[in-house]
1. In debye, nearest 20: dipole of the chain around its Cα centre with unit charges on the Cβ of K, R (+) and D, E (-)?
2. Sort out for me the Cα centre separation of region 363-403 from region 82-160, rounded to whole Å.
3. Using 0.36 nm times the number of residues separating residue 114 and residue 226, minus their current alpha carbon distance, what extension gain do you get?
4. Hey, can you grab everything whose amide H is under 5 Å from the amide H of residue 30? Only 5+ residues off in sequence or another chain; H modelled, so Pro and N-termini drop out.
5. For region 262-365, count the residues as N, evaluate 2.2 N^0.38 Å, and divide the Cα radius of gyration by that value, please.
6. Along each of its three principal axes, how wide is the spread of alpha-carbon positions in the chain, in whole angstrom units, largest first?
7. If packing is taken as the mean number of other Cβ atoms within 10 Å per residue, what is the order of 80-89, 240-249, 41-50, highest first?
8. Taking every DSSP beta bridge with both residues inside the chain, roughly what % is antiparallel (nearest 5)?
Amino acid sequence: MADRVTVIGWDGSPLTAAARSALSAATLVAGAAHHLALPEVPPTAERIRLGSLGLAARRIAGHRGTAVVFADGDPGFFGAVRTLRAPEHGLEVEVVPAVSAVAAAFARAGMPWDDAQVVVAHPRTLRRAVNVCRAHGKVAVLTSPGAGPAELALLLGGVHRTFVICEELGTAKEQVTVLTSDRVADHSWRDPNVVIVIGGQAAAAPAAAADPAWLLGQSAGHTGPRGWARPGAEGGEGESALLRAAQLARLGPRTGDLVWDIGTGSGAFAVEAAAFGAAVIAVDADPHACARATAAARNRGVQVQVVAGRAPHVLEDLPEPDVVRVGGGGAAVARAVADRRPERIVSHASTRDEAEAIGRALTEGGYTVECALLQSVGLDTRTWSEQDRSVVFLLAAERPVNR
C-alpha cells in the first residue's frame, strides 16, 4: 500500500505550497493529461493517465511509495475522494482542495447557486438527471461522455430551458456558451463540462426578503403551506384529499422520478407530486383543467409540464414514466400505461365493476395489484354532524422486480 496518498484539487490556479510539497515527494502521480503536463510533476515519478478511477485506486493501493492524485475542481465534491476512500481500496488520503467546478461555473455565469440542484449525469443516470432538470428551475449537471449537453437537451424534448455550458474550466481552452435548449443538440461539446440548466416558473419566482435561502438546493419558490394532500383542492369527482394522500403514499414520488398524472383535473395531485421533487407531466383532455393545473403549479411555485390531449393516444409521445396516477380513462388507459412499464401505478374507481376492469387490465399487464375500499366521512366539529361522505376503490399496482 502507498505510504502516503495526497489528492490535489485543480481549478487552473497556481499550485499551493501544500500541493507543491506533496508533488515533490511523489513517486507516483495520477491525473488527466493536463495535470501530468504540469512542470511541478517530478520527471522520475510513475505517471498514470486517469481513465477509470477504480483501476487507478487499485494501482495506488499496490504502490510502495508516495502517491499524488489530481482531480479537477474540489475532489471531495462528487470527486475522487469517495472512490479512493472506499473500503475495497483501504486508502487514507490527505486532500488539498480547490474551487469546485460547479462553483466556478456559477461564478462564470454571475449567478448564486445556493438554491441550485446539483446532479451527476452518466449514461446510466442520464434520464434521472433530465428529470431533475424538468422538476427544478436551476440545476447544475456534471456531465460525462455520452451524457453531455446534447443528450440532456434531446431528452428534455419540448421543455424549454436555457443552457449555460462551461467547457474545460480552468484550462487555456475554457469556453462558456449560453444557448436555448432547442439549439444545444446542434453543437459538439468538449469534455469535461458543467451545464447550468435554468428556466421555468419556479426559477423566475423572486426570493422573499423575509424568507432568505438557508438550505442548499432549496428556494423560496418551493415553499408553501405546511402539509400535503390538503382539503380544498379536489382533483375531480370522487377524488377527495384523503384519496390523494393514499395515492401519493403508494407512488412515493421523489427527486429523479418522472410522474404521469393522467386526468389531472385541478392539478392538485400533480402539484403535490412536484413538491416532493419529482418531475411531473399532467395530462387532461379538458383545456379548462389544463389551465387550472398550470395555475396551481404557478401558485405553488413548482414545475409541472401540462399536456392537453386524450389518453391513451396522447401518451405515445411522452417520455418514459417511473410512476403513474391514472385519474381518468378507466381500463383502456390503465392497459396503455402498463405497456410503458412504470414501477408503480395507482388508479381509483367509483364502482366495483370499474375497479375489477382496471385491476384485470393491470394484472394482465404483468403487475401485482391490490385494491382497497376507502370510505371517509367529514364531520362538522361544531355539531359533530356528518358533512359529506366519500366511498371509492383505490387500486395500487407494482411491477415485479424481475419484469
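The values are calculated or read from the model by the stated rules, or taken from the named source; none is laboratory data. Just so it is clear, the structure is predicted and the values come from calculations on it, not from any experiment. All Cβ positions, even for glycine, are placed from backbone atoms using ideal geometry, and neighbour counts span all protein chains on display. To get the accessible areas, we keep the full protein, side chains included, count just its heavy atoms, and leave off ligands, DNA and RNA. Shrake-Rupley method; radii C 1.70, N 1.55, O 1.52, S 1.80 Å.
1. 600
2. 39
3. Extending this stretch completely gives an extra 38.1 nm.
4. Placed amide hydrogens put 48, 68, 69, 70 under 5 Å from residue 30.
5. Scaled against compact globular proteins, the figure is 1.04.
6. Principal extents (largest minus smallest coordinate, Cα): 84, 48, 47 Å.
7. Packing order, densest peptide first, comes out as 240-249, 80-89, 41-50.
8. Of those bridges, close to 50 percent are antiparallel.
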